[in-house]
Ligand code: PAF
């Protein structure tokens, strides 16, 4: 493992490297990130992992401030990975000047999470554009937990970086079905069981939809049950998994996506499913 902090240092290291596989992160690494890195090391001998908390994608300064910062722990987790280059830039390395955050994203960027976090995806694409341009990877790997982000990065890359393959990897969950997320660390240990109720609700709705039941009713039922347990719901919706458009009768490959707040901490999750019961 090699750690580099400057853009010039990273450029020098990557100078003669081909087939780079890149994993952008905001740190506070967990098994979900490690599964992406394991996949990357299967594909390439040169793997770059960036750790950069990107202010451009946060809607509130409070949210940015409380985002977990655990760089020492992150580096310890990555130490066993011989071929991994960790890029840990300071703010001015990525944004030497205030960035012009103004990408023309597809309308879906303003729906689902985009509706509740205006400008968030523009901020994500801003940093992805900088990092792709710098690292010029052959492939970049993202977790499917951030499904809408993955979709928008795929759409952006098709046009701006058509040679980069965007790979989505399955969400890693704990024994209660809770999707691993850096934000889980903001909860007390004993609250982790409570927050897995969110995933259980989405799973129930997906099962109802798969068995042919009216999933709009199950969504309303699920939302009520979550509210009773103290959750504030941003949205729970079933969409087409291919393009995240509203599902129409006859669409079979679907995804239930949700975002909700528990004790002022926002969680997202999703489950892909197929209407005939198979996955
Ligand atoms: O998913 C994340 O951790 C971030 O949105 C990303 C892709 C690293 C961009 O800052």
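What follows draws every value from the coordinates through simple rules; no lab data is involved. Predicted model only: the values in this text are computed from it and were never measured. Cβ atoms come from the backbone with ideal geometry, glycine included; neighbour counts cover every protein chain shown.
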*If one computes P(r) from the Cα atoms of segment 124-279, what percent of pairs lie at distances over 29 Å?*
24 percent
*Specify the angular offset, from 0 to 90 degrees and rounded to the nearest 10, of the alpha carbon long axis of helix 120-135 from the longest principal axis of the alpha carbons in the chain.*
30 degrees
*Folded to 0 to 90 degrees: helix 147-160 orientation relative to the chain principal axis, Cα*: 50 degrees
*Above 18 angstrom, tally the Cα pairs of segment 129-218 and express them as a % of all pairs, no decimals.*
60 percent
*Helix 31-43 sits at what angle to the longest principal axis of the chain, using alpha carbons and giving 0 to 90 degrees rounded to 10?*
60 degrees
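For the chain, compute Rg over Rh where Rg is the Cα radius of gyration and Rh is the Kirkwood radius from the inverse mean 1/r over Cα pairs.
0.96
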*Going out from 0 in 10 Å bins, what whole percent of all Cα-Cα distances in segment 1-112 drops into each bin?*
12, 39, 35, 15, 0
*Listed residues 12, 139, 209, most fluctuating in the chain (Gaussian network, C-alpha, under 10 Å)*: 12
*With 5 Å bins from 0: P(r) over segment 52-93, alpha-carbon pairs, percent*: 5, 18, 23, 21, 17, 10, 4, 1
_Report the Cα centroid-to-centroid distance between segment 1-23 and segment 178-240 in angstrom, as an integer._
40 Å
*Let me have the relative contact order for the chain, percent, based on Cα pairs under 8 Å that are six or more residues apart.*
17 percent
_Can you give the log10 of the normalised intensity I(q)/I(0) at q = 0.15, 0.21, 0.24 Å⁻¹, computed with Debye over equal Cα scatterers of segment 1-44?_
-0.46, -0.87, -1.04
_Cβ crowding within 10 Å averaged over residues, with 55-65, 229-239, 124-134 ranked highest first_ = 124-134, 229-239, 55-65
*For n ≥ 4 DSSP H runs only, could you compute -39500 (n - 2.57) per run for the chain, divide by its residues and tell me the 222 nm figure to the nearest 500?*
-11500 deg cm²/dmol
_Pairwise over distinct Cα atoms, reciprocal of the mean inverse distance: report the Kirkwood radius of segment 182-271 in Å, one decimal place._
13.6 Å
